Amino acid sequence: MNANFLQTPIAYLKGVGPNRANSLQSELGISTFQDLLNLFPNRYIDKTKYYKISQLQRSSADVQVLGKIIHLKTVDQKKGKRLVATFKDDTGEIELVWFRGQKWIKENIKINVPYVIFGKCNWYAGKFSMPHPEMELLSEHEKGTKIAMQPVYPSTERLSNSGISNRVINKLIQQLFLECKGQFSESLSPSLIHSLQLISKPDALFNIHFPKNQELLAKAQFRLKFEELFYIQMQLLAKKMLRKQKIKGYCFDQVGTLFNAFYNNHLPFNLTNAQKRVIKEIRSDVGSHAQMNRLLQGDVGSGKTIVAVMVMLLAIDNDFQACLMAPTEILANQHYNGIQELLEPLGIKIAILTGSVKKARRTIIHEQLESGELHILIGTHALLEDKVKYKNLGLAIIDEQHRFGVAQRSKLWHKNDIPPHILVMTATPIPRTLAMSLYGDLDISVIDELPPGRKPIKTVHRYDANRLKVFRFIKDEINLGRQVYVVYPLIQESEVLDYKDLMDGYESIARDFPAPKYQISIVHGQMKPADKDYEMARFVKGETQIMVATTVIEVGVNVPNASVMIIESSERFGLSQLHQLRGRVGRGAEQSYCILMSGHKLSAEGKTRLETMVATNDGFQIAEVDLKLRGPGDIMGTQQSGILNLKIADIVKDNDILKTARYYAIELLKDDPSLEKVDNLIIRHFYAQIVKHKNIWNYIS
Ligand code: ADP
Ligand code: MG
């Protein structure tokens, strides 16, 4: 079937018309024949099974029952009326209920004649009732063709209210197959079909909508999921290829004085093997003539900063400037202070630019950037302002990139004609599956090793009732010379309450840990940046032993002497946040602890989160659990990526198919990068069709 036919507006399908077309478009985004064909069922119902009324359970989903209507009446309710029928088989009775279309039902329904009914049963006021059942006379039902597995299509309430029930959709798809005579064109190459033993496209489409049996359904699902994921991978990989070939990058071919001087004389510790490997990977990127676009993943505390520093030195050695963008002022300041200290002996000029830098100072920074006097600029979002212009920005590093959107990344990119090399660093491990789909077009480096001498953090879960014991433990640690974080949630909707919790908590700690023996810092979002910095600095210098804070300290803050992290109301935090917070301790040589406080009431999910935290320190493992709990929709970065709009595949459940798809896409592009071989023409053709509809090229920039 040619592609044009499938582009026919849906209104032209027999049985649709303008009104239904509007509903289909607005509710399901279906505007063409093709769209309807690609509306895949969510699930299938076994229609060979009949329930007896006595077998119905409160949890029964969709059920099919054979029986008769013995009574029909109209019942007044607050708004309007409802029509209620008593439906009976030889084991009991249920009610059928209609709120709409009552007139038609009343006129057409037959009393005491066998019907096959189908629908969702509710348990209400001591009996079962089925609203708006699908009904068919048994005599008719026996004549019709039997579908063993009835597909259930995605729907919305508005759609079913406007008369487009699952059955109607089913009929429309039947009509579509009739008009197409089932002749859909193949979209994968003969060799892929052969190596993976896939069923043909027409067979797959037929069996996904009208499964002949379980086995064919499974094959149809595999084939269509594979195809969907395969073409996403093709797009990502093609994009990466294009970038490597077409986008020129600056070449840092000198490994010069600064890099070597630092490496030989100023490195405060030996690099881990993982750090060395990553620096090598980056060096090979920036030393080629292509633009680097690399994601550096490394768990909290794995030592990403020093990698960033060394890559910046490479840039400066090659007469380029570098910038480092962090998501919060605290973090930007910390980077600035730390890096300043490291690079001071080398005479490198560094400035910090954040929202709270005064105008006069800003102007100076702008000038020094443009003249090239400044080598490194560190800061927050303020770096993205139009006024910030560089003489020759060769490298942009983004820390904790999951907090920035794609748009922000691309803004850095567009600051020059030739884009700078881009390194994004994240401590939120992204599960491999997700990384493949989200960042399949980036190169990825992983620091999978912590600096030596670190002891794994001991994590425990304690109920609020045990707070006194926890306080005693804190005292012991402080007496050993360590420092302690106490973190409170601050979540927008309940900001006032949370703020009160924080203040109450602070006061109770202040009572138990009185001055002058104990000194306490407090940091929260409602403080002025200068005050935050002051309090933070006191804690960093060890002048205070306890830091009471909201999640502002979540990312990046580095105080190696802090050995205890207490997280209050920990059940309210997400997994990745808990992991980030825990990462604030365990940075020195001492044994560190994370204590998750919670009330006794925990949701099942909350419990799983806390158990996961207690069970493992491995960020990747935690990220996998997180992905399973929340689905990809809530994970940063997915929103822009289109992987949430998958038609049939599921990024979490279809992990293996995804890997297979990526593997075959890579092999294919290796063998035939421009898809010229006869065998691949189908792919090339189909690819062109999809890409025309989806603007994939602005995926990154
Ligand atoms: P993150 O990856 O979370 O950004 P940092 O770069 O802040 O981690 O490093 C965490 C701590 O580990 C810092 O105190 C840093 O100085 C230290 N560190 C980093 N690399 C090493 C190493 N190879 N050996 C010893 N300590 C290291
Ligand atoms: Mg960091």
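The values are calculated or read from the model by the stated rules, or taken from the named source; none is laboratory data. Since we're looking at a predicted model, the values are computed, not measured. Here the Cβ positions follow ideal geometry from the backbone for every residue, glycine too, while neighbour counts run over all protein chains shown.
Numbers below:
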{"item": "Conditions (1) farther than 30 Å from residue 623 by Cα; (2) free of Cβ contacts under 8 Å to residues at least 40 places away in the same chain; number of the one not met by residue 532", "result": "(2)"}
{"item": "Only listed residue being out of contact with any Asp or Glu (no Cβ under 7 Å at 6 or more places or on another chain) and either of a type outside the set (A, V, I, L, M, F, W, C) or in the same structural domain as residue 579 (by TED's automatic domain parsing) (or both), chosen from 488, 518", "result": "518"}
{"item": "Among (1) within 16 Å of ligand 2 (Cβ to nearest atom); (2) surrounded by 22 or more Cβ atoms within 10 Å (Cβ to Cβ), the one test that residue 559 misses", "result": "(2)"}
{"item": "Complete set of residues in the range 527-544 that are touching an Asp or Glu at 6+ places or on another chain (Cβ under 9 Å) and in a loop (DSSP other than H, G, I, E, B)", "result": "527, 544"}
{"item": "Residue among 11, 21 that alone is assigned to a helix (DSSP H, G or I), outside the structural domain of residue 137 (by TED's automatic domain parsing) and in contact with a strand residue (DSSP E or B) (Cβ under 8 Å, 6 or more places away or on another chain)", "result": "21"}
{"item": "Contacts under 8 angstrom Cβ, first residue in the range 471-482 being among the small types (Gly, Ala, Ser), partner surrounded by 11 or more Cβ atoms within 10 Å (Cβ to Cβ), 6 or more apart", "result": "481/561"}
{"item": "Considering residues of the range 293-314 that are farther than 20 Å from residue 430 by Cα and more than 6 Å from ligand 1 (Cβ to nearest atom) only, the residue surrounded by the most Cβ atoms within 10 Å (Cβ to Cβ)", "result": "312"}
{"item": "Failed condition for residue 107, given (1) surrounded by 14 or more Cβ atoms within 10 Å (Cβ to Cβ); (2) not in a strand (DSSP E or B)", "result": "(1)"}
{"item": "Of residues in the range 316-352 being surrounded by 21 or more Cβ atoms within 10 Å (Cβ to Cβ) and within 12 Å of ligand 1 (Cβ to nearest atom), the one nearest to residue 260 (Cα to Cα)", "result": "339"}
{"item": "Positions within the range 510-554 being within 16 Å of ligand 2 (Cβ to nearest atom) and either loosely packed, with under 15 Cβ neighbours inside 10 Å or within 21 Å of residue 357 (Cα to Cα) (or both), in sequence order", "result": "536, 552, 553"}
{"item": "Only one of 5, 40, 99, 87 that is aromatic (Phe, Trp, Tyr) and closer than 19 Å to residue 112 by Cβ", "result": "87"}
{"item": "Segments classed as helices (runs of 4 or more DSSP H), wholly inside the range 112-230, with at least 2 members that are more than 30 Å from residue 685 (Cα to Cα)", "result": "138-143, 157-161, 166-180"}
{"item": "Tabulated pairs, the range 319-343, first more than 16 Å from residue 373 (Cα to Cα) and hydroxyl-bearing (Ser, Thr, Tyr), second outside any strand (DSSP E or B) and more than 14 Å from ligand 1 (Cβ to nearest atom), C-beta under 8 angstrom, 6+ apart or interchain", "result": "328/380; 328/552"}
{"item": "Helices (runs of 4 or more DSSP H) wholly inside the range 249-338 that include at least 3 residues being within 13 Å of ligand 2 (Cβ to nearest atom), within 26 Å of residue 352 (Cβ to Cβ) and modelled with pLDDT of 95 or more", "result": "304-317"}
{"item": "Residue in the range 563-579 that is farther than 18 Å from residue 465 by Cβ and within 11 Å of ligand 1 (Cβ to nearest atom) present", "result": "no"}
{"item": "Residue tally, condition of a type in the set (Val, Ile, Thr) and not in a strand (DSSP E or B), over the range 61-89", "result": "0"}
{"item": "Residues within the range 280-292 that are surrounded by fewer than 20 Cβ atoms within 10 Å (Cβ to Cβ) and touching a helix residue (DSSP H, G or I) at 6+ places or on another chain (Cβ under 9 Å), tallied", "result": "4"}
{"item": "Pick from the range 562-582, criterion over 23 Å from residue 509 (Cα atoms) and within 16 Å of ligand 2 (Cβ to nearest atom), ranking: surrounded by the most Cβ atoms within 10 Å (Cβ to Cβ)", "result": "579"}
